[in-house]
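Let me begin by presenting the structure, written as structure tokens, before commenting on it.
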Amino acid sequence: MQSIDDKELGIIRIVRNARARNVIARNRPGYIQMTVPSYFSEKEIRDVIEKMRPRLLKVPSVPQIEFTPDSDFKTATFSLRIESRDVRNYHAKLHDGTLFITCPGITDFSDVKVQSIIRNCIEQTMRHEAQRVFPLMLKNLAERYKFTYTSLKINKSRTRWGSCSSQKSINLSYFCLLLPQYLIEFVILHELCHTIEMNHGDRFWKLLDNVTGNNARKLTQELKVKAAKW
């Protein structure tokens with residue numbers, strides 16, 4: 001993935017997409033993600049950045065969490081505890097629902113590299129936890145509401161909580177663990193409904209209402225404001 005370091009806009013990550021017909025820019029925690037058609041030249045990318053600059057400067061950036069020993073960070077399955085001790089290396093261990101990350105005593109938590117190390121530890125744990133709990137959640141919900149699916153894959157998408165292919169293969173982002181339990185279940189039910197109705201037509205919403213107590217629209221709105229702050 002190409003990255004551009006702009007003095008005003010900060011880091012811009014360029015995503016080339018063969019299916020893209022227009023340029024889409026989104027603020028992400030710590031950077032701007034710009035999706036462009038795969039055939040765009042370097043000059044075209046630079047030109048579109050200049051064209052979009054006034055608008056991008058007005059859009060508030062998504063705050064990025066800074067992890068310190070005082071951080072109060074929790075996921076659906078574990079909480080975080082960061083400690084500074086007289087050690088040389090970083091250590092991470094998940095025990096009884098708490099992820100302990102031990103850092104050297106002289107650690108500067110404002111250092112970007114330190115934040116990257118901590119984030120990697122947390123993401124590895126989220127992936128492990130998602131692989132542990134999501135398969136059973138999916139299986140139980142599918143059995144309860146009489147859905148069938150072919151497989152489950154865990155990914156690290158920050159733009160989509162989940163997806164479902166035409167072959168009934170379901171993808172779930174491990175960032176779903178940043179959601180409360182009932183919204184994780186809603187994401188799963190949403191994708192299970194796509195095993196029957198692939199689009200978002202009236203039949204899809206009726207089906208989703210049937211399995212969410214007529215709360216499909218309400219829960220969808222809740223999900224929209226739960227951007228994964230990371």
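The values are calculated or read from the model by the stated rules, or taken from the named source; none is laboratory data. Because the structure is a prediction, the values reported are computed rather than measured. Note that we place each Cβ from the backbone using ideal geometry, even for glycine, and neighbour counts take in every protein chain shown.
Things to note:
- Residues within segment 165-180 that are farther than 23 Å from Tyr31 by Cβ and either surrounded by 20 or more Cβ atoms within 10 Å (Cβ to Cβ) or in contact (Cβ under 8 Å) with a residue 60 or more places away in the chain (or both), tallied: 3
- Among the residues here, Leu183 does not qualify as in the same structural domain as Arg144 (by the TED database), surrounded by 15 or more Cβ atoms within 10 Å (Cβ to Cβ), under 19 Å from Ala142 (Cβ atoms) and in contact with a His (Cβ under 8 Å, 6 or more places away or on another chain).
- Residues within segment 8-25 that are surrounded by 14 or more Cβ atoms within 10 Å (Cβ to Cβ) and among the charged types (D, E, K, R), tallied: 2
- Among the residues of segment 115-153, those that are among the hydroxyl-bearing types (Ser, Thr, Tyr) and touching a strand residue (DSSP E or B) at 6+ places or on another chain (Cβ under 7 Å) comprise Thr125, Tyr149, Thr150, Ser151.
- Search result, residues across segment 20-45 that are over 23 Å from Arg160 (Cβ atoms) and not in a loop (DSSP other than H, G, I, E, B): Glu42, Lys43, Glu44, Ile45
- Residue match in segment 85-92 (condition: part of a helix (DSSP H, G or I) and among the aromatic types (Phe, Trp, Tyr)): no
- Residue in segment 76-123 that is nearest to the chain's Cα centre (by Cα), counting only those that are under 28 Å from Phe134 (Cα atoms) and free of Cβ contacts under 8 Å to residues at least 12 places away in the same chain: Asn120
- Residue within segment 94-102 that is outside any strand (DSSP E or B), of a type outside the set (S, T, N, Q) and under 26 Å from Cys176 (Cα atoms) present: yes
- Taken together, the residues in segment 116-160 that are within 17 Å of Ile196 (Cβ to Cβ), surrounded by 15 or more Cβ atoms within 10 Å (Cβ to Cβ) and of a type in the set (Phe, Trp, Tyr) amount to 2.
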